[in-house]
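Read the structure below first, then the notes.
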Amino acid sequence: MAVSLGGLAKRLVRDQLINEEEAITATSDAQKERKSLVAYLVDNDLVSSTQLAAVASEEFGTPVLDLDAFDPEVIPRDLVSNNLLQAHHVIPLVKRGTRLFIGVSDPTNLVAIDEIKFHTGLSVEAVLIEEAKLATALEALLDDSADAFDNLGDEEGLDNLDVVDTKKADDDVNVTDGADDAPVVRFINQMLLSAIKKGASDLHFEPYEKTYRVRFRVDGVLQTMAKPPSGLGPKLAARLKVMSNLDISERRVPQDGRIKLKISKTKSIDFRVNTLPTLFGEKIVMRILDAAAAKMGIDALGYEDDQKQLYMSALERPQGMILVTGPTGSGKTVSLYTGLNILNREGTNISTAEDPVEINLEGINQVNVNNKVGLDFAAALRSFLRQDPDIIMVGEIRDLETASIAIKAAQTGHMVMSTLHTNSAAETLTRMLNMGVPSFNLATTVKLIIAQRLARRLCNNCKAPAEIPKEALLKEGFTETMLKDANLYKPVGCNQCNKGYKGRVGIYEVVKITPRISRIIMEEGNSIQLSEAFGEEGFNDLRRSGLVKAAKGITSLEEVNRVTTD
């Protein structure tokens, strides 16, 4: 069915911001994804939100409101339901008498105006806002944990934070070491809420001889957030262990636990907790398990179009093996969960073995491996094969036994997904060969390898053009072709970001096992030979993929060097 271009799309083509073919594809894909054209173009970096706002303003005669200069305190939060705001991608701005002004990035969104008018009984007027700023403001408004965050300085709010008991405790547990001291409770609650608000992935509670330190990992980098008195160390550890249902009297061995923190009536956050006895007390590290990250969709992860297509094609295969590799904290789990969510359909049986299960996925059978009772990855895999599976995910291939069973499963009509802790796609294959996996089995079973890193995104609010000599860029690995349309930026820093960065984006090496690569594997070629073959087959390595992201202004060259330099 032919796609007709609306006024905005035609204007973008006329102004040569996109060509007609891109406009038709974007309009069609936006309809399929139930997005506005504006949101689709910005999300896929086809046109900047600033350019779109300027074009829409001129096309429809609507002025653009700068949200940075708008006071969020005047927003009428209770007039329009969150579901309606989310469905139509709009935000209420201000109510004056019987008129309600709403912020939109797409002035053609008349359905939103009509529905909000119907639900509120008010006269509704649209105000044009840049898509990027609208998305940020809407996300903040929809975060139903805002009330909890507002209470950070309120002692009563911090005292009453609700920890859900995930395991029924014994009635005679004796809480000691001041674990229920009010100042300790308030401090811990404040740290947990602050970490969620800042988008941290991990919290570190660290005792030293004369000091104590709390650090958050934000966008992949640790930063010190608090330095409470060192004498509070045992009390802080005891409180966290009580919250995690751990044995507070055991300080000699590591322990693992979980916390489910209810921060509002409808929202709770999970933490994975690990304690470690150190020289001056127990160090406790908490990983924030973000279920939303596993449901973002593949478009939000940062794959280039050709890489996304390779991944999607591999997922559609009825059998074979997909390997996702990279160091700890490189986003492997999110990549796997995203693939599983795509495959999670009514007629599909999916089983996973994980150590541990981080995020609960509805409709998928997830197993926590437990080496103490003999339930390791290999044992779980053997059991899966007797459970009529279609798709199997193994948290990590660590040994020959697990690798052999996984390959056997992939050869007998199952799709198998797993991870390895290797630095590149080539090293993944040589690692498997070194484990003892027969080269023929490896060459015929593995269909796709994804090596990845996470780089910090530049803040769109404050990033500035980077003036770097062409000769220096060529030495960094840029080609003349890449430099033609390159827009390099550097971090600056503002009140909306963390030293010039906000959020992270994936950098990927996605390699399809072609007949030529299969021959090199069967000949047990080394990683250098494999890497050369990957490049000649047209697959970008991590370095080249990072430079592409820098050329698009998504991240900085400095950040690419940080995450891709071995």
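Could you tell me whether the range 253-260 includes any residue that is at pLDDT 90 or above, of a type in the set (Asp, Glu) and touching a Pro at 6+ places or on another chain (Cβ under 9 Å)?
Checked against the condition, which is being at pLDDT 90 or above, of a type in the set (Asp, Glu) and touching a Pro at 6+ places or on another chain (Cβ under 9 Å), the range 253-260 yields at least one hit.
Just to be sure, is Gln366 open to solvent by 10 Å² or more (accessible area, probe 1.4 Å) and either within 27 Å of the chain's Cα centre (by Cα) or of a type in the set (A, V, I, L, M) (or both)?
Judged against the criteria, Gln366 is a match.
Would the range 309-318 turn up any residue that is open to solvent by less than 60 Å² (accessible area, probe 1.4 Å) and either farther than 23 Å from Glu33 by Cα or at pLDDT below 90 (or both)?
Scanning the range 309-318 turns up no residue that is open to solvent by less than 60 Å² (accessible area, probe 1.4 Å) and either farther than 23 Å from Glu33 by Cα or at pLDDT below 90 (or both).
Within the range 11-22, how many residues are surrounded by 13 or more Cβ atoms within 10 Å (Cβ to Cβ) and modelled with pLDDT of 80 or more?
Filtering the range 11-22 for residues surrounded by 13 or more Cβ atoms within 10 Å (Cβ to Cβ) gives 11-13, 15, 17-18, 20, 22.
With the extra rule that they be modelled with pLDDT of 80 or more, the set shrinks to 12, 17-18, 20, 22.
Selection size over the range 11-22: 5.
Out of all the residues in the range 57-72, which are surrounded by 14 or more Cβ atoms within 10 Å (Cβ to Cβ) and closer than 20 Å to Pro92 by Cβ?
Thr62, Val64, Leu65, Leu67, Phe70, listed by residue number.
Take Glu401 and tell me if it is in contact with a helix residue (DSSP H, G or I) (Cβ under 6 Å, 6 or more places away or on another chain) and without any contact (Cβ under 8 Å) to a residue 40 or more places away in the chain.
Judged against the criteria, Glu401 is a match.
Here are some conditions: (1) touching a residue at least 12 places away in the same chain (Cβ under 8 Å); (2) of a type outside the set (Lys, Arg); (3) out of contact with any Asp or Glu (no Cβ under 7 Å at 6 or more places or on another chain). Ala455 meets all but one. Which one does it not meet?
The number of the failed condition is (3).
Please enumerate the residues belonging to the range 205-240 that are in a strand (DSSP E or B), open to solvent by 20 Å² or more (accessible area, probe 1.4 Å) and either within 22 Å of Lys502 (Cβ to Cβ) or polar (S, T, N, Q) (or both).
Within the range 205-240, Arg215, Arg217, Val221, Leu222, Gln223, Thr224, Met225 qualify.
Could you check the range 78-112 and list, in sequence order, the residues that are touching a strand residue (DSSP E or B) at 6+ places or on another chain (Cβ under 9 Å) and in a strand (DSSP E or B)?
Ile91, Pro92, Leu93, Val94, Lys95, Arg99, Leu100, Phe101, Ile102, Gly103, Val104 - these are the residues of the range 78-112 that are touching a strand residue (DSSP E or B) at 6+ places or on another chain (Cβ under 9 Å) and in a strand (DSSP E or B).
Here's the yes/no breakdown for (1) at pLDDT below 95; (2) farther than 30 Å from Thr328 by Cβ; (3) open to solvent by less than 50 Å² (accessible area, probe 1.4 Å); (4) not hydroxyl-bearing (Ser, Thr, Tyr):
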| position | (1), (2), (3), (4) |
| --- | --- |
| Cys494 | yes, yes, yes, yes |
| Gly500 | yes, no, yes, yes |
| Glu523 | yes, yes, no, yes |
| Ser527 | yes, no, yes, no |
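Being exposed (fewer than 12 other Cβ atoms within 10 Å of the Cβ) and outside any loop (DSSP other than H, G, I, E, B) is the filter; apply it to the range 465-483 and report the residue that is nearest to the chain's Cα centre (by Cα).
Out of the qualifying residues, it is Pro465.
Select the strands (runs of 3 or more DSSP E) contained entirely in the range 341-459, then report the ones holding at least 1 residues which are among the charged types (D, E, K, R) and under 23 Å from Lys512 (Cα atoms).
Once the strands (runs of 3 or more DSSP E) in the range 341-459 are filtered for at least 1 residues that are among the charged types (D, E, K, R) and under 23 Å from Lys512 (Cα atoms), what remains is 446-458.
Quick one: how many residues across the range 274-289 are at pLDDT 95 or above, open to solvent by less than 20 Å² (accessible area, probe 1.4 Å) and either of a type in the set (Phe, Trp, Tyr) or closer than 20 Å to Val357 by Cβ (or both)?
2
If Lys408 meets every condition in (1) open to solvent by 30 Å² or more (accessible area, probe 1.4 Å); (2) touching a residue at least 24 places away in the same chain (Cβ under 8 Å); (3) within 24 Å of Leu343 (Cβ to Cβ); (4) over 29 Å from the mean Cα position of the chain (by Cα) apart from one, which number is that one?
Going through (1) open to solvent by 30 Å² or more (accessible area, probe 1.4 Å); (2) touching a residue at least 24 places away in the same chain (Cβ under 8 Å); (3) within 24 Å of Leu343 (Cβ to Cβ); (4) over 29 Å from the mean Cα position of the chain (by Cα) one by one, Lys408 breaks only (2).
When the residues of the range 320-336 are filtered to those that are open to solvent by less than 10 Å² (accessible area, probe 1.4 Å), more than 17 Å from His414 (Cα to Cα) and not β-branched (Val, Ile, Thr), which remaining residue is modelled with the lowest pLDDT?
Ser330
Considering only residues that are within 28 Å of the chain's Cα centre (by Cα) and either open to solvent by 10 Å² or more (accessible area, probe 1.4 Å) or free of Cβ contacts under 8 Å to residues at least 12 places away in the same chain (or both), which ones fall in the range 420-452?
His421, Asn423, Ser424, Glu427, Arg431, Lys447
Could you please find all residues in the range 54-71 being in a helix (DSSP H, G or I) and either touching a Lys or Arg at 6+ places or on another chain (Cβ under 9 Å) or closer than 23 Å to Asn495 by Cα (or both)?
Within the range 54-71, Val55, Ala56, Glu58, Glu59, Leu67, Asp68, Ala69 meet the criteria.
What's the total number of residues in the range 57-85 that are in contact with a Leu (Cβ under 6 Å, 6 or more places away or on another chain) and at pLDDT 80 or above?
Result for the range 57-85: 2.
Of the residues Ala379, Ala292, Ala300, which is open to solvent by 50 Å² or more (accessible area, probe 1.4 Å) and at pLDDT below 95? If you could, list the steps in order and put the result at the bottom.
Working: Ala379 fails: open to solvent by 50 Å² or more (accessible area, probe 1.4 Å); Ala300 fails: open to solvent by 50 Å² or more (accessible area, probe 1.4 Å).
Among Ala379, Ala292, Ala300, only Ala292 is open to solvent by 50 Å² or more (accessible area, probe 1.4 Å) and at pLDDT below 95.
The values are calculated or read from the model by the stated rules, or taken from the named source; none is laboratory data. Everything numeric here is computed off the predicted structure, so don't read it as measured data. Cβ: placed from backbone, ideal geometry, glycine included. Neighbour counts: every protein chain shown. The area values use the complete protein model at the heavy-atom level, side chains included, leaving out ligands, DNA and RNA. Shrake-Rupley method; radii C 1.70, N 1.55, O 1.52, S 1.80 Å.
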